[in-house]
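The values are calculated or read from the model by the stated rules, or taken from the named source; none is laboratory data. Model, not experiment: these values are computed from the prediction. As a convention, Cβ positions derive from the backbone with ideal geometry for all residues, glycine included, and neighbour counts pool all protein chains shown. For accessibility, only protein heavy atoms count, side chains too; no ligands or nucleic acids. Shrake-Rupley method; radii C 1.70, N 1.55, O 1.52, S 1.80 Å.
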Amino acid sequence: MNDISFDKLMQDTVNSFDKKRRLLLHCCCAPCSTSCLERLSPYFEITALFYNPNIENPEYERRKAELIRFLNETGLADFIDCDHDTAKFYNAVKGFESCKEGGERCGKCFELRLKKTRDAAFEKGYDYFTTTLTVSPMKDAKLINSIGERLGGIKWLYSDFKKRNGYLRSIQLSGEHSLYRQNYCGCVFSQRKTDNLYGDK
């Protein structure tokens, strides 16, 4: 997957459509979802799936509530809520707790969430599935797309939503809708790293 433009692959796919297709979009939070939904909505009937067992409460509930509020305000997607079983996350990353941010632990977390999205997409007959995770400059689009391709085959929609100013647009839209923007990925490991950076204990 070296030197592949995942954004161009997505553009080529959607530009081939003769009608809107059904997309299941894994959403990690409202801010990351904003520009992704805006970009995808001309081509898809979208359902946002909130499956993030890596996030502890009360942060989990806050992020979910903000996503629901944004969807209600914009009407850009339907919503599916999933179980919040943090044990699944800790089981998935067992043995990788000390990995650096963006390393193997994150890959295990991506796979857990994308597998759930894949299963729901196949079960409910969606044409495609993908994730908002690639909008973040901190996330490895190549890794995420390789996992999605392996899990989903032709149902996986390639993406690199940070391209074409996607991340900057997400900041703008978050401001317009007064969305809560977190300063860490979601899991306790990324939270600890952020706390250390800012001197919090």
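Numerical summary
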quantity: Any hit, segment 62-80, residues being out of contact with any Ser or Thr (no Cβ under 8 Å at 6 or more places or on another chain) and modelled with pLDDT under 95; calculated: no
quantity: Given (1) open to solvent by less than 50 Å² (accessible area, probe 1.4 Å); (2) modelled with pLDDT under 95, index of the condition Pro58 fails; calculated: (1)
quantity: Meets criteria (over 28 Å from Arg22 (Cα atoms) and not small (Gly, Ala, Ser)) for Glu123; calculated: no
quantity: Filtered residue count, segment 190-201, keeping only those that are open to solvent by 40 Å² or more (accessible area, probe 1.4 Å) and either at pLDDT 80 or above or in a helix (DSSP H, G or I) (or both); calculated: 7
quantity: Sole exception among (1) open to solvent by less than 10 Å² (accessible area, probe 1.4 Å); (2) more than 19 Å from Ile171 (Cα to Cα) for Cys29, by number; calculated: (2)
